[in-house]
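Everything below concerns the one structure shown next.
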Amino acid sequence: MRIESFLEQSPIFQANRVARRIESSLNALLAAEELTFMESLMLTAIFLEKKSIRPSELARTFETTRGNVSHAVSSLEAKRLVRRRIDPNDARGFRLDLEPAGRRRAVRVAAILDRMQSQIEQEIGPAKLETMLRQMNTVEQFCSRLA
């Protein structure tokens with residue numbers, strides 16, 4: 001197609017393409033744990049907090065919608081990995097706690113994500129990785145200013 005040369009040179013399109021491919025690869029890697037990448041991140045976040053957490057906190061942390069969080073939480077709940085309970089300070093909301101199976105799964109998933117991070121750092125090198133992240137942030141800030 002005629003647009004292909006533009007897309008190959010577009011940092012915005014390339015970042016989007018890379019993100020989609022990475023997420024697809026991570027979903028394949030995490031399939032053995034019967035979790036998607038987003039579910040894995042949420043499970044790990046709840047585990048690392050060591051206390052119950054509100055879904056709105058997850059949405060803010062992962063810069064996603066509350067609807068996306070709700071969908072992932074419903075899936076984790078159906079798998080009996082997390083439990084929703086009414087927030088004692090605000091009956092309109094709820095908090096998330098890990099079930100025992102969720103705690104065990106979170107430990108395995110956190111190890112997978114940590115291993116991946118270590119391998120990326122080893123393969124690319126800390127300095128190049130830091131430079132890449134800074135450049136990605138620069139492109140993101142540019143796009144934010146355009147919006």
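Only the coordinates and a few stated rules stand behind these numbers; no lab work does. Predicted model only: the values in this text are computed from it and were never measured. Heads up, the Cβs are rebuilt from the backbone with ideal geometry, glycines too, and the neighbour counts pull from every protein chain shown.
Need one word for the stretch 1-64: rounded, prolate or oblate. Basis is the Cα gyration tensor (sqrt eigenvalues a ≥ b ≥ c); a/c below 1.5 gives rounded, then a/b vs b/c decides.
Working: a/c = 4.62, a/b = 2.03, b/c = 2.27.
Here the stretch 1-64 falls in the oblate category.
Just to be sure I understand: if I project the alpha-carbon convex hull of the chain onto a plane and average over all orientations, what area do I get in nm²? Mind dumping the intermediate values first?
On the way: hull surface 46.6 nm².
Average of the hull's projected areas for the chain equals 11.6 nm².
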### Summary
Residue ranges of DSSP H helices in the chain that stretch 20 Å or more (Cα, own long axis) and have mean Kyte-Doolittle hydropathy of at least -0.5 are 11-30, 100-124, 126-146
### Task
Please work out the C-alpha center-to-center distance from the stretch 1-46 to the stretch 56-95 and express it in whole Å.
23
#### Entry: Amide H contacts of VAL82 (H built 1.01 Å from N, under 5 Å, at least 5 apart or other chain)
GLU77, GLU99
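What value, in deg cm²/dmol to 500, does the helix sum -39500 (n - 2.57) over DSSP H runs of n ≥ 4 give at 222 nm once divided by the residues of the chain?
Details: 7 runs with 105 residues, N = 147.
It lands at -23500 deg cm²/dmol.
At a 10 Å Cβ-Cβ cut-off, how would you order MET42, MET116, fewest neighbours first?
Numbers: MET42 30, MET116 13.
Starting with the residue having the fewest Cβ neighbours, the order is MET116, MET42.
Kindly give Rg over Rh for the stretch 40-81, based on alpha-carbon atoms, with the Kirkwood expression for the hydrodynamic radius.
Numbers: Rg = 9.5 Å, Rh = 10.3 Å.
Reported Rg/Rh, Kirkwood definition of Rh: 0.92.
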